[in-house]
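The values are calculated or read from the model by the stated rules, or taken from the named source; none is laboratory data. Because the structure is predicted, anything quoted here is derived from the model rather than measured. A quick note on method: Cβ atoms are made from the backbone with ideal geometry, for glycine too, and the neighbour counts reach across all protein chains shown.
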Amino acid sequence: MANLQTNFLGIKSPNPFWLASAPPTDREVNVTRAFKAGWGGVVWKTLGEDPHVVNVNGPRYGAVHSNDRRLIGLNNIELITDRPLEVNLREIKAVKKAWPDRAIVVSLMVPCEEEAWKKILPLVEETGADGIELNFGCPHGMSERGMGAAVGQVPEYVEMVARWCKQNTRMPVIVKLTPNITDIRQPARAAKKGGADAVSLINTINSVMGVDLDIMAPSPHIDGKGTHGGYCGPAVKPIALSMVSEIARDPETKDLPISAIGGITTWRDAAEFMAMGAGTVQVCTAAMTYGFKIVEEMKSGLSDWMDGKGYSSIDQFVGRAVPNVTDWQYLNLNYVVKARIDQESCIKCGRCHIVCEDTSHQAIWAEKDGQRHFEVNDAECVGCNLCVSVCPVEGCITMEHLTEGVDARTGQPINPEYGNWTTHPNNPMRVAAE
Amino acid sequence: MPSDIRGDRLSPAEVESNFADLHPLLSKYEAYVEADRCYFCHDAPCVTACPTGIDIPLFIRQILTDNPSGSAKTILGANILGGMCARVCPTETLCEQACVRETAEQKPVRIGELQRYATDHLMAAGVHPFERAASTGRKVAVVGAGPAGISCAHRLSMLGHDVTIFEAKPKGGGLNEYGIAAYKAVDEFARRELDFVLAIGGIELKIGMALGRDVALDALIADYDAVFLGLGLGATNGLGIAGEQLEGVVDAVDFIEDLRQAPALEKVAVGRRVVVIGGGMTAIDAAVQSKLLGAEEVTLVYRRGADRMNASAYEQSLAKEKGVVLKHWARPEKIEAGADGKVAAISFMKTRDEDGKLVDTGERYTLEADMVLKAIGQAFTPAPLKGAKAEIALEGGRIKAGADRRTSHPKVWAGGDAVAGGEDLTVAAVEDGKQAALSIHAALTGA
């Protein structure tokens with residue numbers, strides 16, 4: 001059985017599954033329940049200065065559902081903790097004492113003034129917490145007050161506050177990044193420059209969930225008005241994966257530890273983020289959808305997968321996929337694939353045909369000998385994968401890699417050599433071949 | 001054992017429960033989940049399989065996007081009796097058999113139930129969804145207010161023609177009103193649907209007007225610009241065996257008609273031991289309803305195997321589920337009377353298939369019965385056409401009509417069960433009526 005123990009910035013946890021700073025980690029009762037359920041660690045819901053903030057008394061959440069009411073995306077307008085600082089500190093201390101083997105990182109958000117940080121850091125240190133996470137991501141409410149995403153969107157502020165914290169505490173400092181920015185590498189580089197020990201990402205994405213067409217207001221709405229919230233859940237995973245990979249492969253930040261967040265719902269999601277460079281993963285929406293028990297599936301699934309692959313510890317696969325993330329310009333343009341439809345498993349829905357016909361390359365025939373029959377025309381197929389993407393039968397359409405002969409579409413022989421855009425004759429900026 | 005045919009075998013509450021809606025209306029959530037299963041196929045096989053060519057993927061997508069009224073318009077635009085067809089179509093041999101989900105997982109999208117979800121929604125709103133085109137000033141006579149006639153009349157009215165329907169029975173609706181099993185069309189659905197269809201206007205329904213009795217074909221041809229014959233099948237086939245005239249031997253069609261028109265179902269008389277002869281939908285409907293009325297033993301006997309029955313596999317399993325015993329490979333030989341002179345038993349000769357020919361095996365058995373329901377098919381009655389100067393050619397005992405449903409007479413069209421080569425399905429009759437209307441429209445306007 002694989003060892004799931006993690007050591008992230010010296011913070012040890014029995015498994016890489018942490019609960020992200022959010023409602024599930026707001027109180028002792030919740031965190032205790034989480035640890036009983038088997039979570040490896042928590043990032044305590046963001047503390048701020050007293051007097052504590054207040055939340056709306058209307059809906060805080062909105063959801064995107066599939067038609068069978070599976071929750072695909074969640075949006076929230078909840079603020080940081082709405083309890084007194086002292087209460088949170090007392091509870092953190094008690095929980096850490098009761099659960100010394102679990103990771104407790106405390107999320108913080110105070111005004112962008114060094115004194116404010118200097119004041120709160122020793123208080124947190126005193127709880128025995130393992131580290132701090134700087135909430136530079138919250139996209140709603142707090143950002144209007146110059147905190148959260150308002151800091152995370154300005155790399156100079158990120159660097160400055162990270163530095164203040166490093167100078168004023170012995171605890172490891174994790175900077176939580178907002179995705180509501182053009183280039184995620186900029187704040188990550190700034191965090192590193194400021195001395196941060198790690199970054200965590202992504203925080204939630206600015207979102208309006210829908211429009212109530214009866215009252216003509218955003219939904220959900222409070223007394224007829226709505227505001228943007230932060231979007232999370234399975235829908236945001238691809239965005240988070242991209243941002244994590246950008247930081248993991250950026251020469252300036254490639255050694256910066258990452259705690260990944262963003263739609264992680266299953267062990268496989270976690271494994272993917274870890275392969276993309278994350279040392280731990282943080283989960284929120286999945287727990288808020290199903291409860292804490294899901295960690296059992298995550299632990300057993302990750303462990304079984306690691307056993308199957310022969311990985312005995314987490315560090316053996318963290319970051320293993322990063323070298324295979326590249327720029328478009330380095331993709332092999334001589335690599336040719338053609339779609340293949342398995343006639344045995346084809347149920348003849350015709351979707352591959354119609355999407356190819358209407359929206360792509362007219363490369364799938366719909367008829368053979370007067371019968372309904374779907375087959376790929378190699379002379380038109382560009383190997384785009386749209387048919388695979390829309391086929392309702394998994395494995396029915398596959399992509400075959402041509403290694404010899406002629407590409408029926410271009411009439412050109414298959415070139416076994418690697419060749420990319422940088423040297424392509426159509427590229428006016430090409431570099432001369434050696 | 002004396003004959004025991006009577007009503008009140010079960011309490012009114014038991015009968016009401018037995019005859020409850022076979023497939024209750026889907027809830028909104030159920031409809032969403034089921035609609036979400038549709039793959040929105042290209043050139044969808046289900047559409048090809050539907051005799052009326054309803055754009056099924058489109059109407060399902062309209063349900064999925066919370067537009068059940070639009071969905072119903074898609075359905076009714078192709079099949080104005082989409083509500084009844086959603087209830088009575090043998091979908092497992094039509095659209096649902098063709099569904100790619102049937103290929104994939106033997107669980108087709110429940111197209112019939114989704115169709116009912118949409119059409120019930122629109123009908124509940126009480127607004128007729130179609131408008132009549134500007135009047136053409138043309139008049140068309142439709143004979144028979146069954147599915148073919150109603151469909152034809154509605155389409156003609158939509159196209160701007162004025163229609164008069166002549167119906168022999170006291171109510172319109174045809175088999176929808178008189179012939180469908182009660183649990184498939186509860187709450188007077190046939191009547192409500194007819195009212196809904198006629199609400200388009202421009203259609204006059206004259207009841208109690210039988211062709212050849214109250215109105216003559218020649219007169220219709222003279223008085224109207226075109227005539228559509230949706231006469232249905234007027235006669236039932238006889239067994240041709242001894243004892244057929246005994247009290248207790250009943251045409252299944254008459255039994256079902258009486259049941260459908262009964263003001264209180266529990267009062268419908270049914271035997272204690274019922275034997276149904278036949279293998280089609282009528283046989284199944286008669287057998288199942290006998291059981292639901294409280295008959296103790298109901299046995300359906302068919303002369304060939306289960307695979308040759310006209311009733312679908314689903315209908316056969318429904319009958320078994322309701323407690324009907326299905327017996328195959330036997331033909332009735334003789335109906336025997338008891339001491340009271342009424343039916344007491346029916347004896348059968350076992351049969352087998354010999355190179356496609358049905359032959360006797362020589363083995364016999366007898367079933368005790370106080371009621372024998374005959375359901376071995378119906379026949380077209382050409383009598384209403386006799387004596388007219390206008391000659392309507394027949395083919396195989398039914399009216400001959402082309403793909404455009406035009407008969408041998410240039411002013412007369414026909415459709416439904418009365419026409420040769422049809423499938424004897426409600427949905428096929430609706431299509432006949434629609435196609436005939438389009439052909440009539442083309443003939444009258446040159447369009």
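For the stretch A:23-73, the tally of residues that are under 19 Å from residue A:232 (Cβ atoms) and free of Cβ contacts under 8 Å to residues at least 12 places away in the same chain stands at 5.
Screening the stretch B:195-214 for residues that are within 22 Å of residue B:418 (Cα to Cα) and in contact with a Lys or Arg (Cβ under 8 Å, 6 or more places away or on another chain) and picking the one that is surrounded by the most Cβ atoms within 10 Å (Cβ to Cβ) gives B:212. Of the residues B:45, B:51, the single one that is closer than 30 Å to residue B:307 by Cα and in contact with a strand residue (DSSP E or B) (Cβ under 9 Å, 6 or more places away or on another chain) is B:45.
For the stretch B:20-27, indicate whether the set of residues that are within 14 Å of another protein chain (Cβ to nearest Cβ), buried (at least 17 other Cβ atoms within 10 Å of the Cβ) and not polar (S, T, N, Q) is non-empty. Even if it seems obvious, please write down each step before you answer.
So in the stretch B:20-27, the residues within 14 Å of another protein chain (Cβ to nearest Cβ) come out as B:26-27.
Now narrow it down to the ones that are buried (at least 17 other Cβ atoms within 10 Å of the Cβ): B:26.
From what's left, not polar (S, T, N, Q): B:26.
Yes.
The set of residues in the stretch A:298-347 that are loosely packed, with under 15 Cβ neighbours inside 10 Å and either within 14 Å of chain B (Cβ to nearest Cβ) or on the phi > 0 side of the Ramachandran plot (or both) comprises A:310, A:342, A:343, A:344, A:345.
Please give the helices (runs of 4 or more DSSP H) falling wholly within the stretch A:289-408 in which 1 or more residues are farther than 30 Å from residue A:7 by Cα.
Working: elements: A:294-309, A:351-359, A:386-390.
Per the criteria, A:351-359, A:386-390.
Looking across B:402, B:396, B:421, B:415, one residue alone is crowded, with 19+ Cβ neighbours inside 10 Å and not aromatic (Phe, Trp, Tyr). It is B:415.
Taking the criterion of being without any contact (Cβ under 8 Å) to a residue 12 or more places away in the chain and not in a loop (DSSP other than H, G, I, E, B), the only residue of the stretch B:31-46 that qualifies is B:33. Scanning the stretch A:74-128 for residues that are of a type in the set (Ser, Thr, Tyr) and free of Cβ contacts under 8 Å to residues at least 40 places away in the same chain gives a single hit, A:127.
Of all the residues in the stretch A:348-368, those that are more than 35 Å from the chain's Cα centre (by Cα) and either at the interface with chain B (Cβ under 9 Å from one of its Cβ atoms) or without any contact (Cβ under 8 Å) to a residue 12 or more places away in the chain (or both) number 4. How many of the residues making up the stretch A:132-165 are closer than 19 Å to residue A:190 by Cβ, of a type outside the set (D, E, K, R) and not in a helix (DSSP H, G or I)? Selection size over the stretch A:132-165: 12.
Can you confirm whether the stretch B:257-268 contains a residue that is touching a strand residue (DSSP E or B) at 6+ places or on another chain (Cβ under 6 Å), under 30 Å from residue B:341 (Cβ atoms) and either surrounded by 24 or more Cβ atoms within 10 Å (Cβ to Cβ) or not β-branched (Val, Ile, Thr) (or both)? No, the stretch B:257-268 contains no residue that is touching a strand residue (DSSP E or B) at 6+ places or on another chain (Cβ under 6 Å), under 30 Å from residue B:341 (Cβ atoms) and either surrounded by 24 or more Cβ atoms within 10 Å (Cβ to Cβ) or not β-branched (Val, Ile, Thr) (or both).
Examine the stretch B:350-371 for a residue that is closer than 30 Å to residue B:231 by Cα and touching a Ser or Thr at 6+ places or on another chain (Cβ under 8 Å), and state whether such a residue exists. Yes; the residues of the stretch B:350-371 include at least one that is closer than 30 Å to residue B:231 by Cα and touching a Ser or Thr at 6+ places or on another chain (Cβ under 8 Å). Kindly indicate whether residue A:393 is touching a residue at least 40 places away in the same chain (Cβ under 8 Å), within 14 Å of chain B (Cβ to nearest Cβ) and closer than 30 Å to residue A:271 by Cα. Spelling it out, residue A:393 is indeed touching a residue at least 40 places away in the same chain (Cβ under 8 Å), within 14 Å of chain B (Cβ to nearest Cβ) and closer than 30 Å to residue A:271 by Cα. Residues in the stretch B:100-130 that are farther than 14 Å from residue B:197 by Cα, among the β-branched types (Val, Ile, Thr) and in contact with a helix residue (DSSP H, G or I) (Cβ under 6 Å, 6 or more places away or on another chain): B:109, B:111. Within the stretch B:177-189, none of the residues are buried (at least 23 other Cβ atoms within 10 Å of the Cβ), touching a helix residue (DSSP H, G or I) at 6+ places or on another chain (Cβ under 6 Å), of a type in the set (Gly, Ala, Ser) and closer than 17 Å to residue B:433 by Cα. Any idea which residue in the stretch B:94-112 is farthest from residue A:345 (Cα to Cα), counting only those that are within 13 Å of chain A (Cβ to nearest Cβ) and either polar (S, T, N, Q) or in contact with an Asp or Glu (Cβ under 8 Å, 6 or more places away or on another chain) (or both)? Step by step, filter the stretch B:94-112, then rank; the result is B:109.
What number of residues in the stretch B:419-447 are in contact with a Gly (Cβ under 6 Å, 6 or more places away or on another chain), in contact (Cβ under 8 Å) with a residue 40 or more places away in the chain and over 15 Å from residue B:89 (Cα atoms)? Outline the logic, then answer.
Filtering the stretch B:419-447 down to residues in contact with a Gly (Cβ under 6 Å, 6 or more places away or on another chain) leaves B:420, B:428-429, B:432-433, B:436.
Filter again for in contact (Cβ under 8 Å) with a residue 40 or more places away in the chain, leaving B:428-429, B:432-433, B:436.
Going one step further and asking which of them are over 15 Å from residue B:89 (Cα atoms), we end up with B:432-433, B:436.
Result for the stretch B:419-447: 3.
Evaluate the stretch B:287-294: report whether one residue or more is without any contact (Cβ under 8 Å) to a residue 40 or more places away in the chain and under 21 Å from residue B:327 (Cβ atoms). Within the stretch B:287-294, one or more residues are without any contact (Cβ under 8 Å) to a residue 40 or more places away in the chain and under 21 Å from residue B:327 (Cβ atoms).
For the stretch B:57-66, the count of residues that are more than 14 Å from chain A (Cβ to nearest Cβ) and not in a loop (DSSP other than H, G, I, E, B) is at least one.
Here's the yes/no breakdown for (1) in the same structural domain as residue B:281 (by TED's automatic domain parsing); (2) closer than 28 Å to residue B:215 by Cβ; (3) modelled with pLDDT of 95 or more; (4) not small (Gly, Ala, Ser):
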position	(1), (2), (3), (4)
B:359	yes, no, yes, yes
B:400	no, yes, yes, yes
B:406	no, yes, yes, yes
B:410	no, yes, yes, yes
B:420	no, yes, no, no
B:423	no, no, no, yes
B:432	no, yes, yes, yes
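Applying the selection to the stretch A:238-260, what residues are out of contact with any Lys or Arg (no Cβ under 8 Å at 6 or more places or on another chain) and either touching a residue at least 40 places away in the same chain (Cβ under 8 Å) or buried (at least 19 other Cβ atoms within 10 Å of the Cβ) (or both)?
In the first step, residues of the stretch A:238-260 are kept if they are out of contact with any Lys or Arg (no Cβ under 8 Å at 6 or more places or on another chain); the result is A:238-245, A:249, A:251, A:254-255, A:257-260.
Within the stretch A:238-260, A:239, A:240, A:241, A:243, A:244, A:245, A:249, A:254, A:257, A:258, A:259, A:260 qualify.
Just one of the listed residues (B:70, B:77, B:53, B:83) is away from chain A (no Cβ under 14 Å) and on the phi > 0 side of the Ramachandran plot, namely B:53.
Considered as a group, the residues in the stretch A:40-93 that are in contact with a Leu (Cβ under 7 Å, 6 or more places away or on another chain) and assigned to a helix (DSSP H, G or I) include one that is farthest from residue A:227 (Cα to Cα), and that residue is A:89.
Is it the case, given these coordinates, that residue A:86 is surrounded by 15 or more Cβ atoms within 10 Å (Cβ to Cβ) and acidic (Asp, Glu)?
no
For the stretch A:217-240, which residues satisfy the criterion of being closer than 30 Å to residue A:273 by Cα and not charged (D, E, K, R)? Can you show your working first?
We begin by selecting, within the stretch A:217-240, every residue closer than 30 Å to residue A:273 by Cα; these are A:228-240.
Matches in the stretch A:217-240: A:228, A:229, A:230, A:231, A:232, A:233, A:234, A:235, A:236, A:238, A:239, A:240.
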